[in-house]
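Working notes for the structure below.
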Amino acid sequence: MARIFAYIEHKGGVAEDSAAELAAAARKIDANASPTAIVTGWGTELDAVCEGLRATYAEVWKIANASLAYPNAELIRKALVKVLPAGSIVLAPHDHFGIDLSPGLSIKLNAAFVSDVTAIDGAEGTYLKLVRQEFGGQVSTHVRCDISSGAVLNLRGGAFKPLDTAPVGGHVIDKSAEVADLVAGRRYLETLVPEAGDVDITKEPVLVSIGRGIQEQDNVAIAQELADAMGAAVSCSRPVVDAKWMPKSRQVGSSGQTVKPKIYLACGISGSFQHLAGLKGSPFIVAINKNPRAPIFQVADVGIVADILEFLPELTNKVREMKKVSV
Amino acid sequence: MDILVCAKRVPDTSENEIELNRAGNDIERDDLVYSVNEADNYAVEEALQIADRTGGKVTVVTVGSDDDEEILRREMAMGAHQSVLLSDDAFTGSDGKGIATVLKAFVQKRPYDLILTGVQAEDGAAQVGGMLAALLDYPFASLVNSIEVLDGKKLKVCREIAGGDKEMSEIDLPCVLSIQTGINEPRYVGMRGIRQVASVEIPTLGAADLGVDAGAVGEAAAKVKRADYFVPALGKGAEMLAGSSEEIADKLIELMKAKGGLN
């Protein structure tokens, strides 16, 4: 079996949660695997990350380079191509960084590439059997991946549960000398943090959240009326922001806000993993969608198959009646 | 600036429920409504806006079959100056690298200043743009949600990263960018526009025209193959509320009260 490497993302001197998930995924490829962590960066933060990884990884490859202080995928790709042995299997998180890095890395390594892997069903000879999803999670597929010349696999966050094992006491190997000067056609300038919105959806206990099913801008008022009746706030999924019907500050998901309400009404939201990644703290999820196969019904506590444009006004009236009675 | 946009025709998930066929080897394709992949349409709009500002032409290309011509026509109705269909039996069954290899051959025949793709196809893997860039040794940026042309040699691009943060970078031309949805507001395409381009000849190029080695693409070269489609066994799943909509609303209100969300 080829040697397995895990590319570690980190921030502020601490590895991301994906570090432990990648180690668990390596064992799904080969139960006896001892994956090697690869960490790139610079300075004391990098050293702190490597030190922390010794609990999970028997070997930690450190690549220190001043040009890697910010994770620029093109520079990191060039560094990895220099240090990785031929035929390696490289695991990386499927996120804004992995999407940037891995397709091009697979080309330069002449390795197979599979993105957004949700499960690994083991190896058969030089093939890996992997699971991924299409059409926003409406259907899954088994993928056969030829790893005879290596592979780069981007793994979905949260899909692989970290192993509960004793610290392995790994050692750090400094590979920095193998990576000389790095030059890229893309140069990082700065990171801008979006302006705060009028409503802070991260602090709201009840969210009426709308998706593509709201259909047009004028219908946003239907959700706002329900939220007003309930004393809740309106949030949304990506298509509503893309259409400019609500500001970015109202978006729940991996590229929007992470919310932790008590109750989450997902109205006309299909339930892509990027959206669900923004839901924390195990809220009580109510899904209302006219497509009975919408993936949101798999994660919701309560499901209602209905057109939100008809059902929400009815619910609003009921809530108003209830409030009158209780006053 | 001459811009190439790589687009794909996909089943439109806003128009269809995606189901398995009886054999379980594919989705049920009878009666599916197809359209241009949503992110690709944003990419075309972005290309048109850049070309408006800088001059130059927008070309839309797809790898596929005669059926895929309809999206090329649609994007021309939107304003793209020309389109090309890359089609050959040898391309059938290509994985992401195979598609990128075909596109690379096309770009090498006629270089562009800028190449755009959508960030991901509905039935895809967010891979072809990054692969194409690596094959061409062009710089690449994914998840791009704004583009500013700095001069004839570089762009300032914004990538959408975690939490909605904006990662700003400078990138040399020529480059490949994968475009995130929401970057702009794609213009409406009416029936009149479609009719105007209905009889435009769309050139088709095959493996021989492109100088693509048939052994480097298609099913035989694919290291990654979709074996089947399936719907995973559901977990617990939601408790589905049934009855008249009035009864459902009453039940829902009781449940939300019990959870402390209504008082």
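The values are calculated or read from the model by the stated rules, or taken from the named source; none is laboratory data. All values derive from a computational prediction rather than experimental measurement. Glycine also receives a Cβ, built like all others from the backbone with ideal geometry; neighbour counts cover every protein chain displayed.
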Report task. Considering only segment A:203-240, state which residues are without any contact (Cβ under 8 Å) to a residue 24 or more places away in the chain and buried (at least 22 other Cβ atoms within 10 Å of the Cβ). Result -> A:Ala227
Query raised in the report: Can you pull out the residues in segment A:137-171 that are in contact (Cβ under 8 Å) with a residue 40 or more places away in the chain, surrounded by fewer than 18 Cβ atoms within 10 Å (Cβ to Cβ) and outside any loop (DSSP other than H, G, I, E, B)?
Result: A:His171
Query raised in the report: Just one of the numbered conditions (1) buried (at least 24 other Cβ atoms within 10 Å of the Cβ); (2) away from every other protein chain (no Cβ under 14 Å); (3) within 22 Å of B:Gln180 (Cα to Cα) is not true of B:Leu86; which one?
Result: (3)
Query raised in the report: Of all the helices (runs of 4 or more DSSP H) wholly in segment A:18-115, which have at least 1 residues that are among the charged types (D, E, K, R) and farther than 19 Å from A:Leu182 by Cβ?
Result: A:18-29, A:43-53
Query raised in the report: Identify, please: which residue in segment B:104-142 is part of a helix (DSSP H, G or I) and in contact with a Gly (Cβ under 7 Å, 6 or more places away or on another chain) and is, among those, farthest from the other protein chains (Cβ to nearest Cβ)?
Result: B:Ala105
Query raised in the report: Are any residues in segment B:13-23 within 10 Å of chain A (Cβ to nearest Cβ) and in a loop (DSSP other than H, G, I, E, B), and if so, which ones?
Result: B:Thr13, B:Ser14, B:Asn16, B:Glu17, B:Ile18, B:Glu19
Report task. Could you look through segment A:227-244, keep only residues that are within 11 Å of another protein chain (Cβ to nearest Cβ) and of a type outside the set (Gly, Ala, Ser), and pick out the one that is nearest to B:Ile183 (Cα to Cα)? Result -> A:Asp242
Requested in this report: Test B:Ala39 against the stated conditions and say whether it is modelled with pLDDT of 95 or more, in contact with a helix residue (DSSP H, G or I) (Cβ under 8 Å, 6 or more places away or on another chain), not in a strand (DSSP E or B) and not aromatic (Phe, Trp, Tyr).
Outcome: no
Report summary line: A:Thr40: passes all of (1) crowded, with 23+ Cβ neighbours inside 10 Å; (2) out of contact with any strand residue (DSSP E or B) (no Cβ under 8 Å at 6 or more places or on another chain); (3) β-branched (Val, Ile, Thr) but (2)
Query raised in the report: Taking A:Leu153, is it under 21 Å from A:Ser34 (Cβ atoms) and either within 11 Å of chain B (Cβ to nearest Cβ) or hydroxyl-bearing (Ser, Thr, Tyr) (or both)?
Result: yes
Query raised in the report: Of everything in segment A:246-281 that's without any contact (Cβ under 8 Å) to a residue 60 or more places away in the chain and on the phi > 0 side of the Ramachandran plot, which residue is farthest from the other protein chains (Cβ to nearest Cβ)?
Result: A:Gly281
Query raised in the report: Considering only residues of segment A:288-308 that are in contact with a Lys or Arg (Cβ under 9 Å, 6 or more places away or on another chain) and touching a residue at least 60 places away in the same chain (Cβ under 8 Å), which is farthest from the other protein chains (Cβ to nearest Cβ)?
Result: A:Ile308
Report task. Answer yes or no as to whether A:Lys28 is surrounded by fewer than 24 Cβ atoms within 10 Å (Cβ to Cβ) and in contact with a Phe, Trp or Tyr (Cβ under 9 Å, 6 or more places away or on another chain). Result -> yes
Requested in this report: From the list A:Ala151, A:Ala119, pick out the single residue that is under 22 Å from the mean Cα position of the chain (by Cα), of a type in the set (A, V, I, L, M) and within 30 Å of B:Glu17 (Cα to Cα).
Outcome: A:Ala119
Report task. Identify, from the list A:Phe311, A:Phe284, the residue that is within 20 Å of A:Ile222 (Cα to Cα), facing chain B (nearest Cβ under 7 Å) and free of Cβ contacts under 8 Å to residues at least 60 places away in the same chain. Result -> A:Phe311
Query raised in the report: Limited to segment B:55-83, what total is found for residues that are buried (at least 22 other Cβ atoms within 10 Å of the Cβ) and part of a loop (DSSP other than H, G, I, E, B)?
Result: 1
Query raised in the report: Within segment A:137-159, is there a residue that is acidic (Asp, Glu) and either at positive phi or out of contact with any Ser or Thr (no Cβ under 9 Å at 6 or more places or on another chain) (or both)?
Result: no
